[in-house]
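So the structure is just underneath, and the comments pick up after that.
The values are calculated or read from the model by the stated rules, or taken from the named source; none is laboratory data. All values derive from a computational prediction rather than experimental measurement. Note: ideal-geometry Cβ built from the backbone for every residue, glycine included; neighbour counts use all protein chains shown. Remember, those area values only see protein heavy atoms, side chains included, never the ligands or the DNA or RNA. Shrake-Rupley method; radii C 1.70, N 1.55, O 1.52, S 1.80 Å.
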Amino acid sequence: MSEGPPDQDDWTSDGPAQFNDDLEDAPDGQSLTIRSGSDRGQSLAQQATMLYYRMTWRMPMHRLRLSGKLPLRLLAVPVDPVDGDRVQGTAVRAGHFLFRGLKKKHENIDFADLKLPPQFEDYVHRFQWLRDLDTAASRDQAVPVAEELIEKWLDANGGKIRQPAWRPDNCGWRLLIWASHAPIVLSSKDLVYRSKVLNNIARTARHLDRTADKATSSLGRLVAWSGVVASSLLLPEGRVRRIVGEAGLEKAMSEFFYADGGSVSRSPLNQLDAVILLSMLKEVYVARKEDVPEYLGEALKKAVPPLTALTHFDGSMGNWQGGGATDSKQVAQVVEASGVRSRPLRQARDWGYQRVSSGRSVLILDAAPPPIARMAVAGCASTCAFEFSNGDCRIITNCGGAGLVGATIPASLARGLRTTAAHSTLCIDDSNSTSILPDGKLGRGVNEVELFRRDVENATRLEANHDGYSRRFGLIHKRLLLLRSDGLELRGEDMLIPDGRKRRRKKQEVEYALRFHLGPDIESDLISDGKGVLLRLKDGNLWQFRSTSGAIAQEESVFVDGMGIPHEVKQMVITDSVSSGGGATGWLLKHMG
């Protein structure tokens with residue numbers, strides 16, 4: 001392995017001491033993030049308890065608890081601040097549900113047993129398709145379609161409390177969406193139908209009163225308690241429910257958000273959902289002409305900057321922790337719905353992403369361990385991976401899309417998209433920096449990540465290391481990135497350093513691969529006897545990638561967009577081997593005109 005990239009004397013590490021007091025909002029210029037290595041998700045006893053609790057929903061006693069006074073109307077109709085998907089809405093109007101390329105015809109549909117992938121079933125039971133329909137059709141066109149489907153759903157699920165229709169998070173979303181689209185849901189002159197819908201809303205509220213705190217994920221509890229609060233404002237006699245609901249919601253927020261406003265799952269998909277959810281709940285207060293609680297406004301103010309921190313120069317979302325490249329218009333709409341105007345979060349210790357914006361270039365680095373198992377949603381072994389864009393072009397990216405299972409992303413592919421090799425980082429011996437267990441949970445691996453950040457002359461410097469390969473190989477992966485202030489040159493060095501605490505080594509030498517996944521619409525050609533790659537971007541700009549050691553190979557890769565559609569791309573791969581003494585490889589990405 002080589003000693004480093006060209007001109008490394010100008011910027012290679014002289015040790016962590018020189019970074020003291022240079023990292024914004026971090027003492028000693030250093031940030032250390034630790035993951036709970038003992039966490040393996042819910043224990044068998046906890047799973048058995050939750051299973052028994054869900055079984056009690058079917059008992060007569062629970063059904064009796066859901067009975068009560070029938071509301072005659074909703075006290076207000078909140079505005080849905082987010083538009084639906086016009087293509088999916090047109091599909092609903094045409095007679096079938098469409099979700100990530102999968103279709104389900106309305107004809108002879110069994111809402112009690114949909115036999116669809118879990119996320120598709122959630123889309124149906126949450127009535128998110130109602131938002132799509134409302135976007136794609138006029139009220140006169142949407143009402144008959146919506147009424148027919150709602151009546152079928154009520155016949156199948158209105159009287160029987162079962163999974164997944166009555167799961168707390170699905171109930172919370174359904175209640176908010178029905179209320180926001182009440183002109184479609186409740187415009188019928190059929191009094192029997194209206195009574196069935198209003199009665200189900202009231203029963204859903206009573207169900208949430210008893211189950212909101214039992215949702216299995218932090219996002220699920222946030223959604224469920226939001227449903228409780230919304231029902232307290234939209235249904236009569238909600239004073240006591242509101243007191244309990246707002247206390248539960250405040251607690252759920254503290255469990256879902258880190259102090260810096262990022263979600264504990266570290267998932268941009270979850271963060272996006274949370275901002276939409278809280279924006280919808282805010283509109284319920286506005287519709288009732290009530291003051292929005294201070295903690296709700298503060299949560300939104302904190303949640304938006306971490307979300308936009310993962311956006312590139314064109315406003316589209318980066319491919320992190322299961323998410324795809326969400327379209328810039330969708331991200332902008334969600335931000336606008338929140339009413340929050342703030343700059344992207346430059347760095348966050350807990351949320352774990354570092355963002356550097358220089359000129360028209362944006363660099364994003366994953367500088368934290370993966371989420372702990374019980375918080376993970378399609379969690380990925382992506383520590384120390386980075387993405388880099390210039391203008392409207394993503395140059396270096398991650399594959400993304402592990403959380404977007406559908407027609408084009410089968411479960412088998414989704415598992416591969418969670419691996420370290422699916423990210424632009426270093427991978428030793430074709431293994432993951434954090435293991436992905438057969439049941440899909442995250443196992444052992446990265447426990448500690450150490451980060452240094454500072455502005456040097458005409459550049460920003462990031463230095464991060466993780467211990468994901470320490471237990472197996474006795475090596476620490478350290479990544480150094482230096483982005484020039486004009487954004488036209490990115491220098492990097494990847495080092496494998498012996499971990500003095502670990503003596504065990506299964507192999508005297510191990511192979512490693514440095515992977516750089518290219519964005520879509522990039523033409524790439526090997527140059528300089530395989531030591532460099534010329535990159536032609538869709539905007540006509542030329543960039544050059546060079547390695548200081550080892551030949552660069554080009555291999556097939558995949559890039560997943562925000563709709564869960566994979567696109568064929570290339571990846572640049574540098575392979576080499578390292579002994580127990582460690583080594584370093586440098587590289588350079590530079591704009592050529």
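Bin all alpha-carbon pair distances of the range 190-245 at 10 Å intervals from 0 and give each bin's fraction as a whole percent.
Pairs per bin, as whole percents: 25, 48, 22, 4.
When N is the residue count of the chain, what does its C-alpha Rg come to as a fraction of 2.2 N^0.38 Å? Before the final figure, lay out the partial values.
On the way: Rg = 25.4 Å, N = 593, 2.2 N^0.38 = 24.9 Å.
Computed over Cα atoms of the chain, the ratio equals 1.02.
Restricting attention to the range 86-162, which trypsin sites (Lys or Arg not before Pro) occupy a DSSP loop and are surrounded by at most 11 other Cβ atoms within 10 Å?
Numbers: sites: 86, 93, 100, 103, 104, 105, 115, 126, 131, 139, 152, 160, 162; in loops: 100, 115, 126, 160, 162.
Those satisfying the criteria are 115.
Extending each Cα 7 Å along its Cβ direction at residue 509 and residue 239, get the distance between those two points in nm, one decimal.
8.0
Quickly rank 215-224, 75-84 as a protection proxy: mean count of other C-beta atoms within 10 Å, highest first.
With the highest mean Cβ count within 10 Å placed first, the list reads 215-224, 75-84.
Can you give me the P(r) profile for the range 134-214? Cα pairs, bins 5 angstrom wide beginning at 0, each as a whole percent.
Per 5 Å bin, starting at 0, the Cα pair percentages come out as 3, 14, 26, 25, 17, 10, 4, 1.
Output the Kirkwood hydrodynamic radius of the range 122-181, Cα pairs only, in Å rounded to one decimal. List each step's numbers first, then the result.
On the way: mean 1/r = 0.0842 Å⁻¹.
Averaging 1/r across every pair of different Cα atoms and inverting gives 11.9 Å.
If Rh is defined by the Kirkwood formula over all Cα pairs and Rg also comes from Cα, what ratio Rg/Rh do you get for the range 231-292?
1.03
Report the extension gain between residue 341 and residue 108 in nm, rounded to one decimal, defined as 0.36 nm multiplied by the number of residues separating them, less their alpha carbon distance.
Numbers: separation 233, 0.36 × 233 = 83.88 nm, distance 4.66 nm.
Answer, rounded to one decimal: 79.2 nm.
Hey, if you drop one equal point scatterer on each alpha-carbon of the range 381-502 and run the Debye formula without solvent, what base-10 log of I(q)/I(0) do you get at q = 0.09, 0.17, 0.22 Å⁻¹?
-0.30, -0.95, -1.25
Just the number please: accessible area per residue for the range 523-593, 1.4 Å probe, all protein chains included, in Å².
Counting only protein heavy atoms, the per-residue value for the range 523-593 is 43 Å².
With a 10 Å radius around each residue's Cβ, average the other Cβ atoms per peptide and rank 382-394, 233-245, highest first. Present the calculation step by step, with values, prior to reporting the outcome.
Values: 382-394: 25.0, 233-245: 16.3.
In descending order of packing, they fall as 382-394, 233-245.
Quick check: convex hull over the Cα atoms of the range 80-141, volume per residue in Å³, rounded to an integer?
90
Just need the Rg to Rh number for the range 257-412, please, alpha carbons only, Kirkwood Rh.
That ratio equals 0.98.
On a full-extension model of 0.36 nm per residue, what is the gain between residue 152 and residue 247, subtracting their alpha-carbon distance, rounded to one decimal in nm?
Additional length available on full extension: 30.7 nm.
Grab the alpha carbons of the range 511-593, take their convex hull, and tell me the volume per residue in Å³.
Residue-normalised Cα hull volume stands at 107 Å³.
Could you state the accessible area per residue of the range 247-392 in Å², with a 1.4 Å probe and every protein chain left in place?
Accessible area per residue: 32 Å².
As a quick test, which of the pairs 301/329; 105/160; 104/289 have an alpha carbon distance above 31 angstrom in this structure?
Checking Cα-Cα distances, 104/289 exceed 31 Å.
Treat each spin label as a single point 7 Å out from the Cα along the C-beta direction, and report the residue 579 to residue 195 distance in nm.
So the label points at residue 579 and residue 195 sit 8.6 nm apart.
Carbon and sulfur: what percent of the range 503-592's accessible surface (1.4 Å probe)?
Details: 1980 of 4370 Å².
Answer for the range 503-592 is 45 percent, counting heavy atoms of protein chains only.
In whole angstrom, and with the biggest value first, how far do the Cα coordinates of the range 454-571 range along each principal axis?
Principal extents (Cα only, largest first): 50, 37, 37 Å.
With n ≥ 4 as the cut-off for DSSP H runs, can you work out [θ] at 222 nm for the chain, using -39500 (n - 2.57) per run divided by the number of residues, rounded to the nearest 500?
For the chain, the value works out to -10000 deg cm²/dmol.
Using alpha carbon centroids, what distance separates the range 303-357 and the range 470-542, in Å?
The range 303-357 and the range 470-542 have Cα centres separated by 25 Å.
Can you report the principal axis dimensions of the range 263-315 using only the alpha carbons, biggest first, rounded to whole angstrom?
Sorted largest first, the three principal extents are 37, 25, 15 Å.
Once you put a point 7 Å from the Cα of residue 538 and another 7 Å from the Cα of residue 289, both along the Cβ direction, what distance in nm separates them?
Going by the 7 Å Cα→Cβ label model, 4.9 nm.
Put +1 on the Cβ of every Lys and Arg and -1 on every Asp and Glu Cβ in the range 341-471; which of 368, 435, 419 then has its Cα farthest towards the positive end of the dipole?
Toward the positive end, the furthest listed residue is 368.
Would you mind checking the radius of gyration and Dmax of the range 306-345 based on alpha-carbon positions, in Å?
9.6, 26
Per-residue counts of other Cβ atoms within 10 Å, averaged by peptide: what ranking do you get for 269-278, 255-264, highest first?
Most protected by this proxy first, the peptides run 269-278, 255-264.
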